[in-house]
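Step one of this worksheet: look at the structure below.
The values are calculated or read from the model by the stated rules, or taken from the named source; none is laboratory data. Treat the numbers as computed from the prediction; the structure is a model and nothing was measured. We place every Cβ from the backbone using ideal geometry, glycine too, and count neighbours over all the protein chains shown. SASA here: full protein model, heavy atoms, side chains in, ligands and nucleic acids out. Shrake-Rupley method; radii C 1.70, N 1.55, O 1.52, S 1.80 Å.
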Amino acid sequence: MNIIVLGAPGAGKGTQAARIVEAFGIPHISTGDLLRAAVQAGTELGKAAASYMDDGQLVPDDLVIGLVRERLSQSDTETGFILDGFPRNTAQAVALDTQLALLDKDIDHVLAIEVDPDLIVARISSRRSCPACGRITTAAEGAVCALCGATLVQRVDDREETVRTRLAVYAEQTEPLLDYYTRCGVLSVIDGDRSVDEVWADVRAALDDGGKS
Ligand code: AMP
């Protein structure tokens with residue numbers, strides 16, 4: 001099953017994607033995670049991407065499209081994948097369609113998780129990440145990662161003013177994809193302003209619904 005998870009930053013895409021991985025055993029491809037790994041490793045891609053990310057702007061399409069193209073050519077995607085954070089604009093969606101056509105694949109489901117933007121700023125600014133194991137948690141957990149003991153940090157792009165930029169970029173560039181995927185007949189809109197379990201129940205129902213194929 002080939003799935004895209006759409007939603008503003010902080011909508012809970014990563015949390016629901018983790019549940020899909022558990023339920024369906026398909027890989028989670030998060031362009032944000034891939035880009036952060038490249039930044040941390042100091043690769044050419046990481047160096048080119050870092051300033052865009054810190055400012056809450058989109059990294060140029062050619063860099064991200066190349067990254068996804070390479071990831072989708074790996075054998076673990078043969079039975080399916082979850083794309084999280086990609087595509088982010090119409091050019092990326094068109095490039096993805098082209099790449100999938102070459103691989104004789106299709107998107108089965110697009111899940112759009114919708115959350116009230118006013119709640120997102122509060123949600124993200126309390127978010128903390130573990131620089132060692134990548135775990136995402138909240139400031140309420142304390143200063144250290146419960147899994148590996150490393151000191152938790154706030155991502156630069158999770159600061160309030162950057163979150164507001166990221167929300168504006170989402171509204172302007174990513175939201176038009178809802179129409180794009182509605183026209184493709186694969187879109188399910190999910191109310192994300194509820195508990196993780198309630199959102200998951202709707203995600204599961206949408207995925208069990210058959211999609212396009
Ligand atoms: P995320 O973790 O998905 O919110 O992504 C964090 C940051 O990585 C974004 O604010 C962008 O700067 C960059 N990024 C992630 N995915 C993309 C993409 N598909 N296109 C352009 N930039 C991206």
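A few points about this structure:
- Pairs where the first residue, in the range 67-96, is on the phi > 0 side of the Ramachandran plot and in contact (Cβ under 8 Å) with a residue 24 or more places away in the chain and the second is assigned to a helix (DSSP H, G or I) and of a type in the set (Gly, Ala, Ser), C-beta under 8 Å, 6+ apart: 85/32
- Considering residues of the range 9-60 that are β-branched (Val, Ile, Thr), within 25 Å of residue 115 (Cβ to Cβ) and in contact with a helix residue (DSSP H, G or I) (Cβ under 8 Å, 6 or more places away or on another chain) only, the residue most open to solvent (accessible area, probe 1.4 Å): 15
- Count - residues of the range 73-88 that are surrounded by 20 or more Cβ atoms within 10 Å (Cβ to Cβ) and either in a strand (DSSP E or B) or more than 7 Å from the ligand (Cβ to nearest atom) (or both): 4
- Filter pass, residue 63 being near the ligand (Cβ under 9 Å from one of its atoms), outside any strand (DSSP E or B), under 19 Å from residue 157 (Cβ atoms) and open to solvent by less than 40 Å² (accessible area, probe 1.4 Å): no
- Of all residues in the range 27-44 being out of contact with any strand residue (DSSP E or B) (no Cβ under 8 Å at 6 or more places or on another chain) and hydrophobic (A, V, I, L, M, F, W, C), the one that is nearest to residue 2 (Cα to Cα): 34
- Here residue 146 does not fit the description of being under 22 Å from residue 60 (Cα atoms) and open to solvent by 40 Å² or more (accessible area, probe 1.4 Å).
- Inclusion of residue 94 among residues that are in contact with a Phe, Trp or Tyr (Cβ under 8 Å, 6 or more places away or on another chain) and either away from the ligand (no atom under 15 Å from the Cβ) or modelled with pLDDT of 95 or more (or both) is not warranted.
- Residues satisfying the stated conditions in the range 110-143, i.e. on the phi < 0 side of the Ramachandran plot, among the small types (Gly, Ala, Ser) and open to solvent by less than 60 Å² (accessible area, probe 1.4 Å): 112, 125, 126, 129, 139
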